[in-house]
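The values are calculated or read from the model by the stated rules, or taken from the named source; none is laboratory data. The structure displayed is predicted, hence computed values, not measured ones. Cβ atoms come from the backbone with ideal geometry, glycine included; neighbour counts cover every protein chain shown. Surface areas here come from the heavy atoms of the whole protein model, side chains and all, with no ligands, DNA or RNA. Shrake-Rupley method; radii C 1.70, N 1.55, O 1.52, S 1.80 Å.
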Amino acid sequence: MFSVVFSVFYQYQSSRHSVATSGGASPIIVFKWLALLTFVLLASLTLNACSHSASDKDITHFDESPPDNIAETENNHSDRINSDRINIISPDWGNAATLTAMGHAPIATGDIRVWDRWVGRPSLPASTTDIGIRYQPNAELIAQLPVDMVIDNYFYEHARSLYGDVPAESVMFAAKGEIATWADYTEPTRALGALIENPKLAEDYIVQSQKEISRAGVKLQQRYPKIKKFAVVQFIDANNMRMYVDNSLFKVALDQMDEELMVLGKGNAWGFFPIRMKDLAQLDDETCLLIIDPMSPITKAEIEDSLIWQRLSYGDNRCMAQLPPVWIYGGMSSLVSLANNLSTAALKGGATL
């Protein structure tokens, strides 16, 4: 610091001597050099004080426990708390919905933007990541997620290479024979419980689901005691539809509700039989037709304008109801959703009048 001041002072004296030899010191020059000397002196004192303050702070910080260590300890503690939870990704909506209903929602699934339109309940947590198209998920996005396991089924096995080293397991909700049974849905649910290392969670959910479906059946019978037979369809367009038959989840849900599923053919691997609108005439007048959403407004308008539909007289001489969406290729959660939807549906026409 003193070397700086001496340097400035030396330059001032040299300047003063130069001015003196040229005819006298200018008051302006003297004032400028004095002001500069004062500024340098104050700045030097300030820097020296800051230096001592920073040095003292560093010594104190070294003696105390570093804040970074505290944060690191808290993060490690958080990791220990969450380490027991297995993070699942499932491109399959049946597994994703059942895991969510069980209380162990996947951290990611696909096509979330249309989940409400095709699956409905249960609702996914807001934190669930959308990995894109279910059939071709986003590999780059998956690589950024803290995933421990992928749960899919044979329909999605082609995409397993996108998951890198993450293990993948297959769980399929489907009928093993020509007629779907309760076991076809309880066994995969238990498989999910085993994979997430929480078999009790799955077992409790199975018991809870069976009770809920039975209560829904009682509620439906109290509201519409004369209706015992149901046919289930989903429109492809105004003239073509899928009729869900004995190897579909509708058979299992209606059996648990003590109701009867009416069919017009043998189902394919997906549990439905393709029919046309005129084929509905083969159903007897006591059968209530259930139409599963979604249905586009255009298709609905075309159906209402159809002469065949008008002749069938659903909603007047024949019973019918339009139900909210349920994931038709889903698991236990789909059975529960269907039962609850049916128990609160407004049936109209036929024996309900």
_Can you tell me how many residues within the stretch 172-205 are over 15 Å from Leu249 (Cβ atoms) and either buried (at least 19 other Cβ atoms within 10 Å of the Cβ) or under 22 Å from the mean Cα position of the chain (by Cα) (or both)?_
12
*asked:* Can you tell me how many residues within the stretch 263-278 are surrounded by fewer than 19 Cβ atoms within 10 Å (Cβ to Cβ), part of a loop (DSSP other than H, G, I, E, B) and not polar (S, T, N, Q)?
replied: 5
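So which residues in the stretch 299-325 are polar (S, T, N, Q), touching a Gly at 6+ places or on another chain (Cβ under 9 Å) and open to solvent by 60 Å² or more (accessible area, probe 1.4 Å), if there are any at all?
Result: Asn317, single match.
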_For Ala105, only one of the following conditions fails: (1) within 17 Å of Asn198 (Cβ to Cβ); (2) among the aliphatic types (A, V, I, L, M); (3) in contact (Cβ under 8 Å) with a residue 40 or more places away in the chain. What is its number?_
(3)
*asked:* Six or more apart or on different chains, Cβ atoms under 9 Å: show the pairs whose first residue is in the stretch 185-212 and at positive phi and touching a residue at least 60 places away in the same chain (Cβ under 8 Å) and whose second is open to solvent by 10 Å² or more (accessible area, probe 1.4 Å) and in a loop (DSSP other than H, G, I, E, B).
replied: Glu197/Asp84; Glu197/Ile86
*Of the residues Lys176, Lys219, Lys251, which is farther than 19 Å from Pro324 by Cα, among the basic types (Lys, Arg) and either free of Cβ contacts under 8 Å to residues at least 60 places away in the same chain or not in a strand (DSSP E or B) (or both)?*
Lys176
*Can you name every residue in the stretch 235-246 that is open to solvent by less than 30 Å² (accessible area, probe 1.4 Å) and over 28 Å from the mean Cα position of the chain (by Cα)?*
Ala238, Met241, Met243, Val245
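What tally of residues in the stretch 279-298 results from selecting those that are hydroxyl-bearing (Ser, Thr, Tyr) and open to solvent by less than 20 Å² (accessible area, probe 1.4 Å)?
1
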*Do the conditions hold for Gln222, that is, is it polar (S, T, N, Q), surrounded by fewer than 19 Cβ atoms within 10 Å (Cβ to Cβ) and more than 17 Å from Leu342 (Cβ to Cβ)?*
no
*Return yes when Tyr314 is within 30 Å of Glu187 (Cβ to Cβ) and aromatic (Phe, Trp, Tyr) and no when it is not.*
no
*For Ala231, are the conditions met, namely being out of contact with any His (no Cβ under 9 Å at 6 or more places or on another chain), within 30 Å of Leu264 (Cα to Cα), open to solvent by less than 10 Å² (accessible area, probe 1.4 Å) and assigned to a strand (DSSP E or B)?*
yes
